[in-house]
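**Q** Take a look at the following structure, please.
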Amino acid sequence: MRLVLISDTHLPKRARDLPAPVWAAVEQADVVLHAGDWVEAGLLDSLAERSARLIGCHGNNDFGALREQLPEVARVELEGVRFAVVHETGPASGREKRCAERFPDVDVLVFGHSHIPWDSTAANGLRLLNPGSPTDRRRQPYATYMTAEVAAGELGEVTLHRLPPRR
């Protein structure tokens with residue numbers, strides 16, 4: 001099963017649309033996981049139309065229809081791997097321990113908010129993944145997103161994709 005992980009898209013404030021490579025990945029994926037800060041519901045509608053399956057949560061910049069349609073924490077089991085998708089996890093210091101305590105029944109936690117890519121594993125085996133942002137790199141050298149594979153109860157290869165600068 002092919003996954004696309006995105007967060008902090010901030011459309012249309014940070015970009016008019018998702019970059020073409022992200023849309024191409026979305027259309028090839030079995031599941032798209034979005035960790036919040038959509039900003040406008042139009043992207044939710046577009047991703048739902050173009051995704052085979054969409055799992056998402058709301059972020060701190062999401063209001064109105066986005067808060068009504070999306071949970072604070074989305075949970076899903078894919079090929080035997082238990083995922084949670086949440087926007088905020090607090091400061092980087094102590095993140096693994098804090099998230100392992102908050103999500104003891106999860107194998108993979110996808111999160112956003114910082115726009116900083118993150119890939120680590122807590123002492124209890126919880127994998128923490130932040131795909132960064134495909135539209136607002138902030139202080140990062142590149143805008144980013146992630147792809148991953150899941151099969152037979154295992155999270156396989158996770159790839160961080162760097163996007164070319166916008167023109």
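The numbers here are math on the coordinates, done by the rules we state, and not lab data. Since this is a predicted model, take the numbers as computed values, not measurements. Methodologically, a virtual Cβ is constructed for each residue, glycine included, from the backbone with ideal geometry; neighbour enumeration extends over all protein chains shown.
**Q** Can you say what percent of the DSSP beta bridges in the chain, counting only those with both residues inside, are antiparallel? Round to 5.
**A** Percent antiparallel among DSSP bridges in the chain is about 60.
**Q** Compute the Cα gyration tensor for the chain, then decide on rounded, prolate or oblate, letting a ≥ b ≥ c be the square roots of its eigenvalues: rounded whenever a/c is under 1.5, prolate when a/b is larger than b/c in the other cases, and oblate in all that remain.
**A** Judged from the Cα gyration tensor, the chain comes out rounded (a/c under 1.5).
**Q** Quick check on region 51-92: take the gyration tensor over C-alpha atoms, sort the square-rooted eigenvalues as a ≥ b ≥ c, and tell me if it's rounded (a/c under 1.5), prolate or oblate.
**A** Oblate, because a/c is 1.5 or more while a/b does not exceed b/c.
**Q** Could I ask something else about it? Can you work out ³J(HN,Hα) from phi for every residue in region 31-47, in order, using Karplus 6.51 cos²θ - 1.76 cosθ + 1.60 and θ = phi - 60°, giving whole Hz and x for Gly and Pro?
**A** 9, 10, 10, 10, 9, x, 6, 6, 5, 10, 5, x, 5, 4, 5, 5, 5
**Q** Once amide H atoms are placed 1.01 Å from N in the peptide plane, what residues at a sequence separation of 5 or more from Val81, or on another chain, have their amide H within under 5 Å of its amide H?
**A** Gly153
**Q** If you don't mind, another one. Order the peptides 60-67, 101-108 from the highest to the lowest mean number of other Cβ atoms within 10 Å of their residues.
**A** Descending mean neighbour count gives 101-108, 60-67.
**Q** Charges at C-beta only: +1 for Lys and Arg, -1 for Asp and Glu. How large is the resulting dipole of region 2-163 about its Cα centre, in Debye rounded to 20?
**A** 560 debye
**Q** Separate question: Given only helices, namely DSSP H runs of n ≥ 4 each adding -39500 (n - 2.57), what is the per-residue ellipticity at 222 nm of the chain, to the nearest 500 deg cm²/dmol?
**A** Calculated mean residue ellipticity at 222 nm is -5000 deg cm²/dmol.
**Q** Here is a follow-up. Please arrange Val32, Val73 by how many other C-beta atoms lie within 10 Å of their C-beta, fewest to most.
**A** The order, fewest Cβ neighbours first, is Val73, Val32.
**Q** Rg/Rh for region 96-167 to two decimals, with Rh computed the Kirkwood way over all alpha-carbon pairs.
**A** Result for region 96-167 is an Rg/Rh of 1.02.
**Q** In region 2-163, with Lys and Arg counted as +1 and Asp and Glu as -1 at Cβ, which of these residues, Pro71, Ala24, Thr9, has the Cα nearest the positive end of the dipole, that is, farthest along it?
**A** The residue sitting farthest along the positive end of the dipole is Thr9.
**Q** Tally Lys/Arg at +1 and Asp/Glu at -1 over every other residue whose Cβ is under 14 Å from the Cβ of Thr89; what's the total?
**A** In short, -2.
**Q** Sort Val39, Val158 by Cβ crowding within 10 Å, fewest neighbours at the top.
**A** The most exposed by this proxy come first: Val158, Val39.
**Q** Listing Arg166, Arg2 from the residue with the fewest other Cβ atoms within 10 Å to the one with the most, what is the order?
**A** Exposure proxy ranking, most exposed first: Arg166, Arg2.
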